[in-house]
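The next block holds one structure in the form of structure tokens; read it before the comments.
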Amino acid sequence: MSAPIEFSSHSLLKIEILKSHGINISKEIIEDIIRFPDKIEVGYKGRSIAQKGFDETHVLRIVYETKPEKIWVVTVYPGRRSRYEKD
């Protein structure tokens, strides 16, 4: 994926909310997860959800849309590995 990655105002707000809870996620980390995910799922409205391990008990999930001219990050959220890494 070489398309530029752009962030919605909601995703930028989520980054700030996570920081206020002690979870420091940068745009670079999010871009890396989109480009090199551990797993990709199809979500609501056909959006993609890229996932990567974040620490021993959590993953970080990035919801995004792939458009012809860019990748649009909709939201970012952490989740428990026990929920999202089931086979």
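The values are calculated or read from the model by the stated rules, or taken from the named source; none is laboratory data. These numbers were taken from a predicted model, which means no experiment stands behind them. All Cβ positions, glycine included, derive from the backbone under ideal geometry; neighbour counts span all protein chains shown. Side chains are part of the model used for accessible areas, which takes the heavy atoms of the whole protein and leaves out ligands, DNA and RNA. Shrake-Rupley method; radii C 1.70, N 1.55, O 1.52, S 1.80 Å.
Is there a residue in the stretch 25-41 that is of a type outside the set (S, T, N, Q), outside any helix (DSSP H, G or I) and loosely packed, with under 10 Cβ neighbours inside 10 Å? Looking for residues that are of a type outside the set (S, T, N, Q), outside any helix (DSSP H, G or I) and loosely packed, with under 10 Cβ neighbours inside 10 Å, one finds none in the stretch 25-41, hence no.
Scanning the stretch 42-61 for residues that are open to solvent by 70 Å² or more (accessible area, probe 1.4 Å) and either within 19 Å of K86 (Cβ to Cβ) or small (G, A, S) (or both) returns V42, F54, E56, T57. If you take the residues of the stretch 71-87 that are in contact (Cβ under 8 Å) with a residue 60 or more places away in the chain and open to solvent by 40 Å² or more (accessible area, probe 1.4 Å), which of them is nearest to E31 (Cα to Cα)? So the residue we want is W72. Residues in the stretch 39-61 that are under 15 Å from I25 (Cα atoms) and among the polar types (S, T, N, Q): Q51 alone.
Being assigned to a loop (DSSP other than H, G, I, E, B) and of a type outside the set (V, I, T) is a description that applies to G22. Return a yes/no flag: does the stretch 20-34 have any residue that is over 12 Å from the mean Cα position of the chain (by Cα) and among the charged types (D, E, K, R). Scanning the stretch 20-34 turns up no residue that is over 12 Å from the mean Cα position of the chain (by Cα) and among the charged types (D, E, K, R).
When restricted to residues that are in contact with a strand residue (DSSP E or B) (Cβ under 7 Å, 6 or more places away or on another chain) and either open to solvent by 70 Å² or more (accessible area, probe 1.4 Å) or of a type in the set (S, T, Y) (or both), the stretch 5-24 contains 4.
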